[in-house]
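First the structure, in the form of C-alpha cells, and then the observations on it.
Each value in this text was obtained by applying a stated rule to the coordinates, not by laboratory testing. Values in this document were obtained by computation on a predicted structure and should not be read as measured data. Because the Cβ atoms are built from the backbone with ideal geometry, glycine has one as well, and the counts that use them run over all protein chains shown.
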Amino acid sequence: TSSRSYWKRAKHNKMKKYIYTLLACYAFTGIAQEDDTTRVNLGGMEVLVIDKKKDANDTIDAAPDHDPDEDEHKLIGEGHWGGIDFGPTILMNSAMKTQFPDQPQWQNDPGKSFYWNINIFDTRLNVYKEYVGITTGFGINFTQIGIKNNEILMESPDSLWFVKDSVNVYSKNKLRGTYLQVPLLIEFNTNKKESKSFYLATGVIGGVRVGSALIQKVDNNGSRKKEKYKGTYGLQAFKADATVRMGYSRWGLFANYALIPLFDTNLTSEAYPLTFGLTYNF
C-alpha cells in the first residue's frame, strides 16, 4: 500500500511541474495574436511572425488593373530612329542633277555606293500624348561612294583629282566616310501601340566625321589584293541632312538629302548625297 501511495504522489508532483513550467513560459514570452501578425516577447526583444500567405493575397487583391494588350504591344514611348537604315547613295550637283561637268568622275556608281545607319538608341518627348512628339538619339553612319572607270582618287592640301589606272582592274574602288550622328525629328503616329501605328517623321540629322579612307580591291589574272588608304579626301568635317521617314510598325522607308556639300568646295565640285532605302526599327 505504501508503495502505491509513493508512485501516486510522484506522478502528481510531476504533473504539477509540467503545469508550472508551461505557465512560466507563457508569462516569459508573452505571446499575442493580432490579425495576421503574432507577437512574441522574449525578455526585452519582440519578434513579429507575419502570415505570408495572407499578406501575398492582400498584395494580389491590391494590384491595379492593366490593359492585357500592353503585354503584347509596346506603347509608343520611343521614336522611330533606333534601328538600321540601308540604301543606295547618288551624288547630285547644286541643281539637283547627276552631271558634274568639271569633275565627271563624281557621277558615281549607285550600285556600289551605299549608306548604312546603325542607330543605337533614341528618346522621344511627347507633345500631344503618343500621337505627336519630338525624337532625338544617337547613331553611327557609314557612307561609301563607288568610283567608276578604274579612276584613282588623289589628294593634296589644296586640291582633289582623279588619275586613270590603265594597269589594274578594280573590283572594289570606293571612298568611305564614317560619322557620328544625332537627329532632331518631329514625329506623328496614328496609334498608341507601335505594332498598330503608321508613322511619319521629318527633320534634320547632324553628323561629325570620325574617319575616312579609300578602299580598293584589285583583281589581276586571279591575283587579288585589297588596300586601304586613310585620309580626309576632301570630305567635310561636319554634315547635315534633311530627312523624311515613314512606315508601319517596325518597318519603314527613309530619304535623306544633304544640306551641306559632301566635299570641301575649295578642292572640288559641289556634291550633295541623295540617299533612300529601307529602315527597321528596334
For GLY79, net neighbour charge (Lys/Arg +1, Asp/Glu -1) across residues whose Cβ lies under 9 Å away: -2
Calculated FRET value between ASP219 and LEU259, using beta carbons and R₀ = 41 Å, to 0.05: 0.60
Rg/Rh (Cα only; Kirkwood hydrodynamic radius) as it applies to segment 107-221: 1.17
Distance in nm between pseudo-label sites at LEU200 and TYR248 (7 Å out along the Cβ direction from Cα): 1.6
Cα gyration tensor, segment 192-282 - rounded (a/c under 1.5), prolate or oblate: oblate
Long-range HN-HN contacts of GLN236 with modeled amide H, under 5 Å: PHE263, ASP264
Cα-centre dipole for segment 170-259 with unit charges at Cβ (Lys and Arg positive, Asp and Glu negative), debye to 20: 440
Separation of the TYR131 and ASN266 label points, Cα + 7 Å toward Cβ, nm: 5.1
Cβ crowding within 10 Å averaged over residues, with 79-85, 175-181 ranked highest first: 79-85, 175-181
